[in-house]
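Comments concern the structure below.
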Amino acid sequence: VEAAYDDSCLFCRIVAGQISATVVRDSADFLAFRDIAPQAPTHVLVIPKRHGYRDVAQLAAENPDLAARLLAEGAEVARQEGLADNEIRPGYRFVFNTGDAAGQTVYHVHLHVLGGDALGHFGR
Ligand code: 5GP
Ligand code: ZN
């Protein structure tokens, strides 16, 4: 299947190299790059290169294998960024903003990988 591409989608334009980004990991099916407005010392976005899944719910429903591989890719990014095995404070957070109420702005599914410092405990 030919990879879907939407020229009105910011993340498709990054995949296509039409908008520059600081890429930290590039594989056949995924791209990981630094968020332009980081919310933690390390803030990386991981996306499937293929457009067509607007959010994690659609991705999980329609392509659970790709959803699982996106999580594994995020874990690999966290390891590569030194978050997983950090000697002082190991750990990181995965976030999927899903829909307007969560503040989702780009409807090309993306995993936020956040870390590099003590993160406030969500919900506390
Ligand atoms: P959302 O709010 O949809 O979950 O996440 C979209 C993310 O994309 C935001 O954290 C935002 O800072 C990031 N972002 C928006 N425009 C750009 C851009 O041009 N380049 C990069 N690297 N990140 C961007
Ligand atoms: Zn897209």
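Each value in this text was obtained by applying a stated rule to the coordinates, not by laboratory testing. For clarity, every value in this text was computed on a predicted model and none was experimentally measured. FYI the Cβ positions are ideal-geometry reconstructions off the backbone, even for glycines, and counts take in every protein chain you see.
Considering only DSSP states other than H, G, I, E and B, which GluC sites (Glu not before Pro) in segment 1-86 qualify as loop sites with at most 15 other Cβ atoms within 10 Å?
Passing both the DSSP loop test and the Cβ count: GLU2.
Footprinting exposure proxy ranking of ASP55, ASP85, fewest other C-beta atoms within 10 angstrom first, gives ASP85, ASP55. Could you let me know the centre-to-centre spacing of segment 88-119 and segment 11-70, using Cα atoms, in angstrom? Spelled out, the Cα-based centre of one part sits 12 Å from the other.
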